[in-house]
Amino acid sequence: MGTGQARLDEIAGIEFHGKVPVKITAYTIATQQFAHDLARELDAAEAAAEQAMNQLKGHPLLMGVDVRARAWRVARHLRDARELALGISAEAVKFNLQFRQEFLEALQAMEQRSAKGKDYKGKVDL
């Protein structure tokens, strides 16, 4: 498991040159890993922040205030952020699947063609 900056650098380092399907798969996997790391961190932060805020119960300046309800409302934002991070992971998978669906015919044709019959000279390839 890498640090967040290392994961971002890994994602940024993936350029869509050469074999595009391989690059898209690598990009998807790296994005998923980053999103899951972020979601895990947000989950831990939510629990720690809510617990810390709940410990304020009984503080003289918060008399008559429902600390538990306020702590839950504040921590809810971290919970929402965690759900968004998991959504990033899901959308990365959809990105890869959509690419495969849209270019499936070309990918299958590539598998069937012979190496000597290759006449495409573009900058990227399937």
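Between helix 67-102 and the chain there is an angle of about 10 degrees, using the helix long axis and the longest principal axis of the Cα atoms.
Extension gain for the segment Phe103 to Ile88, taken as residue separation times 0.36 nm less the Cα-Cα distance, is 3.1 nm to one decimal. Taking amide H as placed 1.01 Å from N in the peptide plane, Asp125 has its amide H under 5 Å from the amide H of Gly18, Lys19, Val20, each at least 5 places away in sequence or on another chain. At a Förster radius of 22 Å, what calculated FRET efficiency corresponds to the Cβ-Cβ distance of Val124 and Phe95, to the nearest 0.05? E between Val124 and Phe95, to the nearest 0.05, is 0.85. The gain in end-to-end length when the Asp9 to Gln51 segment is fully stretched comes to 11.8 nm, 0.36 nm per residue minus the alpha carbon separation. Modelled this way, with points 7 Å down the Cα-to-C-beta line, the labels at Val22 and Asp80 are 4.3 nm from one another. Taking other residues whose beta carbon is less than 13 angstrom from the beta carbon of Gly64, and scoring Lys, Arg as +1 and Asp, Glu as -1, yields +1.
Using each residue's phi in the stretch 41-48, evaluate 6.51 cos²θ - 1.76 cosθ + 1.60 at θ = phi - 60° and report the 3J(HN,Hα) Karplus result to the nearest Hz, with x for Gly and Pro. My calculation for the stretch 41-48 gives 5, 5, 5, 5, 5, 4, 5, 5 Hz in order. Evaluated with a Cβ-only charge set (Lys, Arg +1; Asp, Glu -1), the stretch 16-111 carries a dipole of roughly 320 debye about its Cα centre, given to the nearest 20.
Lys-Lys pairs in the chain that are eight or more residues apart or on separate chains and whose Cα atoms lie under 16 Å of each other come to 5.
Any read-out appearing in this document is the output of simple, stated calculations on the displayed coordinates, not a laboratory observation. As the structure is a computational prediction, the values presented were derived from the model and not from experiment. Methodologically, a virtual Cβ is constructed for each residue, glycine included, from the backbone with ideal geometry; neighbour enumeration extends over all protein chains shown.
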